[in-house]
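The values are calculated or read from the model by the stated rules, or taken from the named source; none is laboratory data. Since the model is a prediction, treat every value here as computed from it, not as a measurement. A quick note on method: Cβ atoms are made from the backbone with ideal geometry, for glycine too, and the neighbour counts reach across all protein chains shown.
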Amino acid sequence: MGSILIQGGRLIDPASGRDETADIVIEGGRVVGVGPGLRAPDGAEVIDAREKIVAPGLIDPHVHLREPGHEHKETIASGTAAAVEGGFATVCCMPNTSPALDSPAALALVRERASKGGACRVFAVCAATVGRAGVSLTDIAALAEAGAVGVSDDGDALASSAVMHRALEQTRDAGLAFMQHCQDPELTRASAMHAGEVALRLGLPGWPSVAEELIIERDVRLNRRIGCRYHVQHLSCAGSVEIVRRARAEGQPVSAEASPHHLLLTHETCEGFDTNAKMNPPLREQADVDAVRQGVADGTITILATDHAPHTPEDKSAPFEQAPFGIIGLETALALYAEALVHSGLIGWPRLIELMTINPARLCNLDALGLGSLHEGGPADVTIIDPDARWTIDEGAIKSKSRNTPFLGRQARGRAVGVIVAGEIRLRR
């Protein structure tokens with residue numbers, strides 16, 4: 001493992017409050033120097049980062065790597081290659097695999113495969129219930145001991161209030177965050193897209209915003225006396241932003257994430273029955289997009305996460321009602337976040353880096369490992385960003401095994417040009 005000098009970049013490390021021109025020296029997989037005018041160790045590789053942003057390695061706390069069980073859609077190898085292409089040094093994979101990640105053995109399998117074929121760090125979020133069936137709780141304490149970094153039945157909400165109550169208690173006791181997929185199953189049965197004028201025009205069953213809001217409201221009330229760290233995944237509508245805002249103002253340990261598609265697209269993208277625009281939760285109305293953006297700007301939403309959900313072209317070629325929900329996002333997220341939030345003037349790059357580094361690290365307890373920040377003695381995970389790089393989202397350049405995204409052909413601005421994971425250069429653009 002060689003030495004590296006990253007020279008002359010704009011170092012943005014929200015964890016320490018640093019935003020300055022500085023150099024970084026890496027040796028043995030650790031950061032050994034941070035500051036101006038550092039000298040390269042003998043034989044070190046020098047990376048010229050002038051006019052670039054140098055940030056802690058980006059972290060995505062919500063991805064679907066599909067392995068085990070759905071390797072035709074994605075594998076740990078292909079998904080982490082896509083992550084590095086997008087600038088991520090760490091991803092946290094969801095438990096809706098086959099079998100579900102509901103046992104220490106399942107977590108060990110993911111860890112083993114990631115260690116052999118992963119391009120970046122991989123941590124696993126464990127299932128809340130056995131088989132993700134929503135009935136019997138997993139042994140959350142044992143799963144935490146086995147390395148789980150969060151608890152979720154993502155893909156489904158815990159519909160039973162009694163089960164959710166126990167899950168919050170046990171997740172709290174294990175020191176993890178509960179990451180809820182907020183969807184009332186009764187209100188969304190057979191629904192294909194947002195309940196609005198586009199669904200009416202297309203003759204598709206509608207998915208009301210209140211189906212998301214009700215789950216969040218219930219969970220917040222259940223959690224008032226429990227005090228578990230409660231996290232709302234892929235928040236999509238204005239009412240949900242307001243519930244989270246109120247809970248946080250009351251001092252509850254509630255956080256939320258936004259995904260690129262909910263910051264940029266509306267239900268109108270589904271016109272023409274475009275299944276690449278079919279996602280869960282669905283694309284909603286412009287007022288919802290505006291509210292989610294404002295939630296990021298005012299600090300209600302503290303994390304950005306892609307919900308990277310690969311599907312094959314054959315899956316997505318089914319009629320709209322039968323096609324699966326989901327969109328890939330790892331390779332395009334950084335530029336899309338910048339478009340929605342930075343280039344629009346809502347936030348600056350330091351805030352965007354915070355939403356993609358130290359905040360998700362704290363959610364998943366990865367800050368205890370030194371991830372999410374750049375400091376002497378810490379792990380050498382670094383993302384180098386060209387904030388002005390202009391590029392086209394090209395289907396032929398995608399590293400993921402799947403191509404399901406409505407953003408193909410979009411002109412983008414801002415891109416990772418370098419990724420270092422544990423002192424190893426994984427991306428050099």
Single residue of region 362-393 satisfying the filter (in contact (Cβ under 8 Å) with a residue 24 or more places away in the chain and on the phi > 0 side of the Ramachandran plot) that is surrounded by the most Cβ atoms within 10 Å (Cβ to Cβ): Gly372
Residues within region 241-275 that are closer than 23 Å to Arg172 by Cα and among the polar types (S, T, N, Q), tallied: 2
In region 122-139, residue surrounded by the fewest Cβ atoms within 10 Å (Cβ to Cβ) [restricted to those that are touching a Gly at 6+ places or on another chain (Cβ under 8 Å) and touching a residue at least 40 places away in the same chain (Cβ under 8 Å)]: Phe123
Per-region count, region 207-266, residues of a type in the set (Ser, Thr, Tyr) and surrounded by fewer than 24 Cβ atoms within 10 Å (Cβ to Cβ): 3
Selection count where residues are of a type in the set (Asp, Glu) and under 19 Å from the mean Cα position of the chain (by Cα), scope region 254-291: 1
Among residues of region 310-328, those that are acidic (Asp, Glu) and within 25 Å of the chain's Cα centre (by Cα), counted: 1
Residue count, region 300-321 (criterion: surrounded by 20 or more Cβ atoms within 10 Å (Cβ to Cβ), of a type in the set (A, V, I, L, M, F, W, C) and either assigned to a loop (DSSP other than H, G, I, E, B) or free of Cβ contacts under 8 Å to residues at least 12 places away in the same chain (or both)): 3
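Suppose the filter is free of Cβ contacts under 8 Å to residues at least 12 places away in the same chain, out of contact with any Asp or Glu (no Cβ under 8 Å at 6 or more places or on another chain) and either farther than 27 Å from Gly345 by Cβ or not assigned by TED's automatic domain parsing to the domain that holds Glu339 (or both); does Glu217 pass it?
no
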Filtered residues of region 252-299 (kept if of a type in the set (Gly, Ala, Ser) and in a helix (DSSP H, G or I)): Ala277, Ala287, Ala291, Gly295, Ala297
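Considering only region 87-113, state which residues are closer than 30 Å to Gly414 by Cα and assigned to a loop (DSSP other than H, G, I, E, B).
Within region 87-113, Gly87, Met94 qualify.
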Segments classed as strands (runs of 3 or more DSSP E), wholly inside region 26-86, with at least 2 members that are farther than 30 Å from Ser98 by Cα, touching a strand residue (DSSP E or B) at 6+ places or on another chain (Cβ under 8 Å) and free of Cβ contacts under 8 Å to residues at least 60 places away in the same chain: 45-48
Complete set of residues in region 43-69 that are surrounded by 15 or more Cβ atoms within 10 Å (Cβ to Cβ) and aliphatic (A, V, I, L, M): Ala44, Ile47, Ala49, Ile53, Val54, Ala55, Leu58, Ile59, Val63, Leu65
Counted residues, region 43-91 - those being hydroxyl-bearing (Ser, Thr, Tyr) and touching a Cys at 6+ places or on another chain (Cβ under 7 Å): 2
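Each row is one residue, and each column tells you yes or no for (1) among the acidic types (Asp, Glu); (2) within 28 Å of Ile6 (Cα to Cα); (3) touching a Lys or Arg at 6+ places or on another chain (Cβ under 8 Å); (4) assigned by TED's automatic domain parsing to the domain that holds Ala297.
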| site | (1), (2), (3), (4) |
| --- | --- |
| Leu334 | no, yes, yes, yes |
| Thr383 | no, yes, no, no |
| Ala389 | no, yes, yes, no |
| Glu424 | yes, yes, no, no |
Asn359 being crowded, with 21+ Cβ neighbours inside 10 Å, under 30 Å from Ala146 (Cα atoms) and in the same structural domain as Val84 (by TED's automatic domain parsing): yes
Sole residue being buried (at least 21 other Cβ atoms within 10 Å of the Cβ), in contact (Cβ under 8 Å) with a residue 12 or more places away in the chain and not in a loop (DSSP other than H, G, I, E, B), chosen from Leu158, Leu143: Leu143
Test: residue in region 285-300 that is in the same structural domain as Pro185 (by TED's automatic domain parsing), over 27 Å from Arg18 (Cβ atoms), out of contact with any Phe, Trp or Tyr (no Cβ under 8 Å at 6 or more places or on another chain) and among the basic types (Lys, Arg): no
